[in-house]
1. Once you wrap a convex hull around the alpha carbon atoms of region 128-177, what is its projected area averaged over all directions, in nm²?
2. What's the extension gain from Gln314 to Thr296 if we count 0.36 nm per residue and subtract their Cα-Cα distance?
3. Let me check I've understood the local charge: for Ala390, count other residues with C-beta under 13 angstrom from its C-beta, Lys and Arg +1, Asp and Glu -1. What total comes out?
4. Tell me what the chain gives for mean residue ellipticity at 222 nm when only DSSP H runs of n ≥ 4 count, each as -39,500 (n - 2.57), the sum divided by the residue total, rounded to 500 deg cm²/dmol.
5. So, R0 is 56 Å and r is the distance between the beta-carbons of Asp47 and Asp160; what FRET efficiency does that work out to, to 0.05?
6. Cut-off is 10 Å between beta-carbons; in what order do Tyr225, Tyr333, Tyr395 appear when sorted fewest neighbours first?
7. Using 7 Å Cα-to-Cβ label points, what is the Ala138/Asp183 separation (nm, one decimal)?
8. Obtain the radius of gyration and the Kirkwood radius of region 308-406 from its C-alpha atoms and give Rg over Rh.
Amino acid sequence: MKVLVIGPGGREHAIVRSLLADPNVSEVHAAPGNAGISKLVPTHAIDANDPDAVAALATKLTVDLVVVGPEAPLASGVSDAVRAAGIPVFGPGKAAAQLEASKAFAKEVMAEAGVPTAMARVAGNAEEAADALDIFGAPYVVKDDGLAAGKGVVVTNNRDEALAHAQSCFDAGGTVVIEEFLDGPEVSVFVLCDGRNTVALSPAQDFKRIFDNDEGPNTGGMGAYTPLEWAPEGLVQEVLDRVAQPTVNQMAHRGTPFVGVLFVGLALTSRGTRVIEFNVRFGDPETQAVLARLKTPLGGLLMAAARGELDKVQPLRWSKESAVAVVVAAENYPGTPRTGDRIRGLKKVEKIEGVHVIHAGTRLDAEGKVVSAGGRVLAVVALGTDLVEARERAYDGVELVQLEGSQFRTDIGGKAARGEIKVATPGAPAATKAKA
Ligand code: AMP
Ligand code: GLY
């Protein structure tokens, strides 16, 4: 099978790497790719957000499957164009991609499907925003109602800051969704969908804020680990039964079937499991960690989803090891990142047992050297017999990466490795409900 992977980031590098390990995948191409991807497979410099350009490339390459990585091409209809060209595609069409592209749309579908999520109001001006903030109280949660690469959400105790974020979204011509605050640990669950059937991958945890201890502004994600030893038994089944399957059924009922990965962002709150958000693609950097553990060949799985045949797939096989991905970001990320700097030390990193490097914002300069080209530059991914060992290996690797001004979080998977994450049992009093 010949596969074309669309996208420029770490998620796509991880997908390409896993596809190359699938014995039934004979050839992989990527567009546009990055420096890491171009070392593995041929890359094609097209505009990945242009549906016609992607469909034309897929046709020219006579690929059997197109895998669309990021949200932007999905929201612009790349999958529709590829499907119309008669090529199977893993990724929802434009209409179904609204589950991520519009938070208000996602809330509507969740309500129709009876999916548990935060109470929310849509606001289009300062007065409506102020009313909504006061209904829910602090901490305030204000979300830009559009694609914002994970950076459009402000969670704050400061009412003025919440109002200011809403105002900046209104000034840009948008609306906001204001929500009740959800307490409790967050979990990312990726559910493969074929329009009808659902198959869940192993849950992961992401670290959204830029600084240790979840401080500072939101980013696209600074690191991830999997599996979650502390997660309640039955969590994945609950996500399938109460969230993913009802959503897939509802999307089919609406005439916009969902094919691809439904990324369910959850909070395990004291009142039960709640959806924080839907995304319509694999998470980044969770994918880097999750795919490192997946033993079932990825190409066959994504093809089964694209063809509506997930019901024929055997139960997934996973490595018993833990995986950790630590993102190395450029100076000033998540603001305007510093770019164009040489990155050194990557070969040494990959000499560590169980460790590999996944590129995100990188490119090759005129001399063929790897230089930084984005906010999240790369991730060091490590497998280990447990989370403690995987973390040690990942951070040993991160220490060897040389990039002027770069930053990383030192606490990816730290609390979990120390057994410090508590999940509340809904209904139990706060002091006694913790589970080690
Ligand atoms: P989103 O783009 O909706 O995933 O939001 C980004 C991040 O903001 C989430 O991963 C959470 O950390 C935080 N967040 C979003 N919604 C809520 C909420 N209702 N309560 C608490 N935190 C939230
Ligand atoms: N890491 C979260 C995301 O991909 O949106």
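Read the figures in this text as sums done on the coordinates, not as results from a lab. Here the structure is a predicted model, which means the values were calculated and not measured. A quick note on method: Cβ atoms are made from the backbone with ideal geometry, for glycine too, and the neighbour counts reach across all protein chains shown.
1. 3.0
2. Full extension of this stretch gives 5.6 nm more.
3. Once all neighbours under 13 Å are counted, the net charge is -3.
4. -8500 deg cm²/dmol
5. 0.90
6. Lowest to highest Cβ neighbour count: Tyr395, Tyr333, Tyr225.
7. 1.6
8. Radius of gyration relative to Kirkwood radius: 1.10.
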